[in-house]
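Worksheet: the structure to be examined is printed underneath.
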Amino acid sequence: MNLTEAKTFNPAMAVMSFSPPDSTACRDRPLAALERLAILGRYDTGEPVYRCNDSIEHWYRLVSGAARLAAVSGDGRRRIVDFEFPGDFFGFGDFCSRQFCVEAMVAGTLVARYPRSSAERLADADPQTARNIRKAAFQSIARMQRRMVMLGQTSALEKVSAFLLEMSDRSQHCASSAVFLPMSRYDIADYLAMAVETVSRTLTELRIRQTIAFRGVRHVCICNRNALKTLTSGLTDRL
């Protein structure tokens, strides 16, 4: 990992290959005071940002690239809990040590980290910063809640359709039908609690139905968004 000390951090200088909707960028502008605490780190594919049981000394923000938040069982089984995209904050916690690990999914993933003690002092002194930190934490909680509802779906078609809609909504070009998936099929399977073979078969079925089309290994075009919504059996109305 290559760390760069940053007295002043300007997110606009980073090239974002996968970004949230423009409204998110507007919402995060009041975080300029927090960004002055940022220390930048660049990570290769699969490189950990932090590991399970690490002490909670920093909060984090994904600047460019993508990362996965996962839990690993004692026998080595992995369960992905969330995907982090540019603009997402993560690493909050009330425990003494990390309950999850975070790994980069894209080479050159850029992450800003903020010393927790300094960030907390800033939040105590600056109500606007405190409000925006709370918003970031609430957004993380909301993503977890959506995933719980998604996992409650009974069929593979429902789960994969809901996943594609989620990725589309979190994409920078949310009005476009093109969706870039920085994660592997194995990552999607671990996120949806499915076998990777089932994920592949389901994506193929959606392609045969002409609901989606592949523009590459990681690029999917949503051809019929309404069909995906129908397949989720009203799930999107509850999110």
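The values are calculated or read from the model by the stated rules, or taken from the named source; none is laboratory data. Here the structure is a predicted model, which is why all the values come from computation and not from measurement. Cβ: placed from backbone, ideal geometry, glycine included. Neighbour counts: every protein chain shown.
Examine segment 145-166 for a residue that is farther than 22 Å from THR230 by Cβ, in the same structural domain as PHE85 (by TED's automatic domain parsing) and assigned to a helix (DSSP H, G or I), and state whether such a residue exists. Scanning segment 145-166 turns up at least one residue that is farther than 22 Å from THR230 by Cβ, in the same structural domain as PHE85 (by TED's automatic domain parsing) and assigned to a helix (DSSP H, G or I).
Evaluated against (1) touching a Gly at 6+ places or on another chain (Cβ under 8 Å); (2) modelled with pLDDT under 90; (3) aliphatic (A, V, I, L, M), MET148 falls short on exactly one condition, (1). For segment 174-190, a residue qualifies if it is touching a helix residue (DSSP H, G or I) at 6+ places or on another chain (Cβ under 7 Å) and either of a type outside the set (Gly, Ala, Ser) or over 23 Å from MET144 (Cβ atoms) (or both), and the qualifying residues are CYS174, VAL179, LEU181, ARG185, TYR186, ILE188.
Evaluation of LEU157 against the conditions (1) modelled with pLDDT of 90 or more; (2) touching a helix residue (DSSP H, G or I) at 6+ places or on another chain (Cβ under 6 Å); (3) over 23 Å from CYS221 (Cα atoms) shows that the sole unmet condition is (3).
Would you check if there is a residue in segment 13-29 being under 24 Å from VAL149 (Cβ atoms), at pLDDT 90 or above, within 20 Å of the chain's Cα centre (by Cα) and outside any loop (DSSP other than H, G, I, E, B)? The answer is no, given that none of the residues of segment 13-29 is under 24 Å from VAL149 (Cβ atoms), at pLDDT 90 or above, within 20 Å of the chain's Cα centre (by Cα) and outside any loop (DSSP other than H, G, I, E, B).
Residues that are among the small types (Gly, Ala, Ser) and part of a loop (DSSP other than H, G, I, E, B) are absent from segment 109-124.
For segment 209-239, give me each residue that is among the charged types (D, E, K, R), in a loop (DSSP other than H, G, I, E, B) and modelled with pLDDT under 95. Hits for segment 209-239 are ARG215, ARG218. In the set ALA213, ALA189, only one residue is under 28 Å from PHE89 (Cβ atoms) and free of Cβ contacts under 8 Å to residues at least 24 places away in the same chain; that residue is ALA189.
Condition first: crowded, with 16+ Cβ neighbours inside 10 Å and hydrophobic (A, V, I, L, M, F, W, C). Now tell me which residues in segment 100-129 satisfy that. Passing the criteria: PHE100, CYS101, VAL102, ALA104, MET105, VAL106, LEU110, VAL111, ALA112, ALA119, LEU122, ALA123.
Within segment 130-144, residues that are under 21 Å from PRO115 (Cα atoms) have Cβ atoms under 6 Å from residues that are in a helix (DSSP H, G or I) in these pairs: ALA130/ALA123; ASN132/PRO30; ASN132/LEU31; ILE133/ALA123, counting only partners at least 6 apart in sequence or on another chain. Taken over segment 59-68, the criterion of being touching a helix residue (DSSP H, G or I) at 6+ places or on another chain (Cβ under 9 Å) and closer than 21 Å to MET167 by Cβ is satisfied by ARG61, VAL63, SER64, ARG68.
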